[in-house]
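Structure, as structure tokens:
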């Protein structure tokens, strides 16, 4: 067994590159599938109405899936190794932020007198930490997509230029959704948020943009020939 592990660790760079591409693709797929599975799982298995935000699925039958997926994505990001040190730093901080989003639940008025989460905090206190790290998470996703994924080198192929355009579009979408979320949270009533599902929609779009950027980074599409 040990010899097998040693042999695996000594595999060539090509295998390492392939594994990192697979990791990027997995991160992308998880980001895109999260809102879809949460909505379908809550509706099909618990007959729950669609929640007003992704975070509120913590208080549904889909809690384990939500927290589990966030943990997996966070751990993948924290162990991700990019080309430059700044790539690793941004990915690690993004992962830590995602981990905190999972650990500290958002506010839910139905549970405002109960302690929630691993640290058994009241929802209003937990919500402050949740929103802070959710903001960091989305901002860093956009920075990663716009500035880090788009780095150019002398040997870039035409497909790389196409990928860069997609990265920038995805990053802009994430930022636009983030700003939209802030505006909606500050201006809309609880009833408006619930009826329009605008928070959920903006979060889902941001996660899909995040997913697409990582799928492209994993060269799922527009691969170098």
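In table form, for the structure just shown:
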quantity: Only listed residue being surrounded by fewer than 20 Cβ atoms within 10 Å (Cβ to Cβ), at negative phi and either touching a residue at least 12 places away in the same chain (Cβ under 8 Å) or in contact with a strand residue (DSSP E or B) (Cβ under 6 Å, 6 or more places away or on another chain) (or both), chosen from 217, 152, 165; calculated: 152
quantity: Residue 161 vs. criteria farther than 23 Å from residue 205 by Cβ, in a helix (DSSP H, G or I) and touching a helix residue (DSSP H, G or I) at 6+ places or on another chain (Cβ under 8 Å); calculated: no
quantity: Qualifying residue in the range 23-38 (condition: farther than 18 Å from residue 210 by Cα, out of contact with any strand residue (DSSP E or B) (no Cβ under 6 Å at 6 or more places or on another chain) and in contact (Cβ under 8 Å) with a residue 40 or more places away in the chain); calculated: no
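Throughout, read-outs are computed from the coordinates displayed, never taken from laboratory work. As the structure is a prediction and not an experimental result, all values here were calculated from the model. Heads up, the Cβs are rebuilt from the backbone with ideal geometry, glycines too, and the neighbour counts pull from every protein chain shown.
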